[in-house]
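Contents: one structure, followed by commentary.
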């Protein structure tokens, strides 16, 4: 069982609320989080990418540290933690991504994977003149498949001559090649996203919503061909008592940054790809802590005392047979410390 941290390299992490003090990401903060995660025995850290935030009273995600540069620095000051930077496919040519990952693999001695994101927020890419148009919503996983084909050619042979709808590569080189395998992860939630994961990903991230956990449990009892492992994404609130943890979670929802959430919803509603993250974002208003309220960026919250949270995570692991969890927290440094010292020792699945 592996445990990871969803690095808060965007403003305010993964909570859209005025109940917590907003903050701008910094390298020193990310380094402290990575070092604490390594100290507490976590396995991996994943930074996201956002080119345009959602504003509101808290300036949600208006600031974002670029993940590849960030990981280059973090991998140089850590020893065991694996890093999984996020690539937004429309923003980076695959030959450039292939070379950056090869370099990071060298720096980290193989502690590098790649999180593949197709992109659903058109405003991020339109501002840079990179949005292909509405048709991309339906074609984005075809684009992603072509992108992966280029990456794999370059990593395997050091060159690529692919001619296709999206690429015209003429003896394109990427040397040196990575000396270690590059695990691919993706958070595809829609049917097309899941199919992409089954074809190209080593691990799939899923939001730990009750219906998703039910699907994972049912899937476990079938003979369906699944070629990827699964990590469950959760937000943790661990306090002295169950009552206090729930009170903090409810206060975050009560004081949600409604302007930032509204801006996020407006972007999500443009996505025509049904069943994915953007659709769940639109439906997240009024959801409970466990169901993934929009104040927590639709991430379900496991809350309670250390004993209670450990029991909840064990129950999910036993039901679903997942390979691990990725977590976010209100306060990452103290949250990771509490998880490592108080929750993890109480978990039987660890």
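Throughout, read-outs are computed from the coordinates displayed, never taken from laboratory work. In this text, all values refer to a predicted model and were calculated from it rather than measured experimentally. Counting neighbours? That spans all protein chains shown, and the Cβs are built from the backbone with ideal geometry, glycine included.
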So the FRET efficiency between residue 315 and residue 23, C-beta based with R0 = 25 Å and rounded to 0.05, is 0.15
Length gained if residue 161 through residue 69 is fully extended, taking 0.36 nm per residue and subtracting the Cα-Cα distance, is 30.3 nm
For 139-150, 196-207, 123-134, ranked highest to lowest by mean beta-carbon neighbours within 10 Å, the order is 196-207, 139-150, 123-134
For the pair residue 220 and residue 134, the simple spin-label estimate (label points 7 Å beyond Cα toward Cβ) gives in nm 4.2 nm
Taking 0.36 nm per residue of separation between residue 170 and residue 337 and subtracting their Cα-Cα distance, the length gained on full extension comes to 55.1 nm
A student applying the Cα gyration tensor rule (rounded when a/c is under 1.5; otherwise prolate if a/b is larger than b/c, oblate if not) would label the stretch 104-208 oblate
One finds, for residue 93 and residue 288 with R0 = 45 angstrom and r their Cβ-Cβ distance, a FRET efficiency to the nearest 0.05 of 0.60
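With both partners inside the chain, how many of the DSSP beta bridges are antiparallel, as a percent to the nearest 5?
Beta bridges within the chain, antiparallel portion: roughly 15 percent.
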Dividing the alpha-carbon radius of gyration of the chain by 2.2 N^0.38 Å, where N counts its residues, gives 0.96
